[in-house]
Amino acid sequence: MLGGREGIADGAPDVNRAMCPSRGILEHVTSRWAVLVLAALLARTYRFSELRRTVGGVSEKMLAQTLQTLERDGFVVREAKAVVPPHVEYSLTAGGREAAEQVFGLARWSERQVSAVEEARAAYDERRRGKESPSGV
């Protein structure tokens with residue numbers, strides 16, 4: 001529910017309430033790296049090293065933390081394979097797939113908006129420069 005009303009009688013989750021537990025979930029699935037990890041896992045199962053190469057710029061530590069958070073929340077399954085050499089694979093749960101579909105759409109939307117946002121930023125910066133006084137205040 002996105003109503004923003006405090007004190008909902010039925011106690012239903014409302015992300016606009018300060019103490020609503022859904023905020024933590026939203027924070028986890030929309031974090032910088034979780035969006036990219038979820039979007040990648042939407043395509044297929046990955047080993048850790050493959051996922052790190054796919055999600056450009058993520059450090060090993062941040063990827064491990066992100067995967068642990070998503071696993072703890074029930075969005076990702078970590079499966080250790082007893083093969084030689086042993087390895088671990090990561091895949092989405094049903095809930096993880098649902099979350100990934102949502103953030104994947106957001107990621108694709110952001111890609112389509114790059115030019116428009118860059119133009120808006122340049123126009124904003126130009127307007128701000130024009131409003132500055134000669135003294136720099």
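Go ahead and set up a Gaussian network model of the chain, Cα springs under 10 Å, then flag whichever of Gly11, Gly74, Gly95 fluctuates most.
Gly11
Determine the sum of side-chain charges near Val55: Lys and Arg each +1, Asp and Glu each -1, restricted to other residues whose C-beta is under 14 angstrom from that of Val55.
+4
In debye, nearest 20, what is the charge dipole magnitude of the range 8-132 about its Cα centre with +1 on Lys and Arg Cβ and -1 on Asp and Glu Cβ, if you could check? Could the numbers behind the result be given before it?
Details: 19 positive and 17 negative charges, 63 e Å.
Using Cβ point charges on Lys, Arg, Asp and Glu, the range 8-132 gives about 300 debye.
Tell me the label only: which of (1) 69, 46, 26; (2) 91, 42, 24; (3) 43, 33, 30 is Cα extents along the principal axes in Å as calculated from this structure?
(1)
FRET efficiency for Arg128 and Leu26, Cβ-Cβ distance as r, R0 = 25 Å, nearest 0.05?
The calculated FRET efficiency here is 0.20.
Every number in this text was worked out from the coordinates using simple rules, so none of it is lab data. This one's a predicted model, so the numbers in the text were calculated from it and none came from an experiment. With ideal geometry, Cβ positions are generated from the backbone for all residues, glycine too; neighbour counts draw on all protein chains shown.
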